[in-house]
1. Would you calculate the separation in nanometres between label points at Ser83 and Ser42, each defined as 7 Å from the Cα along the Cα-to-beta-carbon direction?
2. Setting aside same-chain residues fewer than 8 positions from Lys43, which lysines have a Cα under 27 Å from its Cα?
3. Put a dot 7 Å past each Cα toward the Cβ at Asn110 and Lys2; how far apart are the dots in nm?
4. Given a 10 angstrom Cα cut-off, can you work out which residue in Glu111, Glu85, Glu21 is the most mobile in a GNM of the chain?
5. Which of (i) 1.51; (ii) 0.95; (iii) 1.06 is the computed Cα Rg over 2.2 N^0.38 Å for the structure on display?
6. Give me the net charge of Asp33's neighbourhood, meaning all other residues with Cβ under 15 Å from the Cβ of Asp33; Lys, Arg count +1, Asp, Glu -1.
7. With springs only between Cα atoms under 10 Å apart, run a GNM on the chain and tell me which of Ala41, Ala31, Ala86 wobbles the most.
8. Taking each full run of DSSP H in the chain as one helix, which ones are at least 30 Å long along their axis (Cα atoms) and have mean Kyte-Doolittle hydropathy of at least 1.6?
Amino acid sequence: MKILLAEDDVNIVQIAKITLEKIGKHEVTVAVDGRICFELASKNAYDLILLDGMMPHMDGVTVLKKLKEMNISTPIIFLSAKSQEADIKEVLDLGAIGYIQKPFEPKNLNEQINTYLKQRSVA
């Protein structure tokens, strides 16, 4: 699966990239800010976008809104340290298929992604 990982924290990028590539056998492209994520997502085909909430140049909510306005149907799972129900509801209402709270357990990341994708295919 081709995954676009939009995350500005170098440590999280390293952990997620290793987990997704080595354990999940996915192909991962990294975007270190929201603007780069938006450009990559609007020009390339990905099977999934993992989208951080707080990034430089364009936050995750803005990226999500802009991608949905362009009718880009790539499934998006939000990554965020925010745990308030209102924050989670906002991104799900905007079209994200899931929400993974940071810090996440690396060994469970692929499983969480698969669970959200399966739920989406059943719905």
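1. Distance between the two pseudo-spin positions: 3.5 nm.
2. Counting by Cα, and skipping residues close in sequence, Lys43 has these lysines nearby: Lys2, Lys17, Lys22, Lys25, Lys65, Lys66, Lys68, Lys118.
3. For Lys2 paired with Asn110, the spin-label model returns 2.1 nm.
4. Maximum fluctuation in the GNM of the chain, among the listed residues, is at Glu85.
5. Only one option fits the structure, namely (ii).
6. After counting each charged neighbour, the total is -4.
7. So, out of Ala41, Ala31, Ala86, the one fluctuating most is Ala86.
8. TM-like helix candidates: nothing returned.
Every number in this text was worked out from the coordinates using simple rules, so none of it is lab data. Keep in mind that this is a model prediction, so the values were computed, not measured. Note that we place each Cβ from the backbone using ideal geometry, even for glycine, and neighbour counts take in every protein chain shown.
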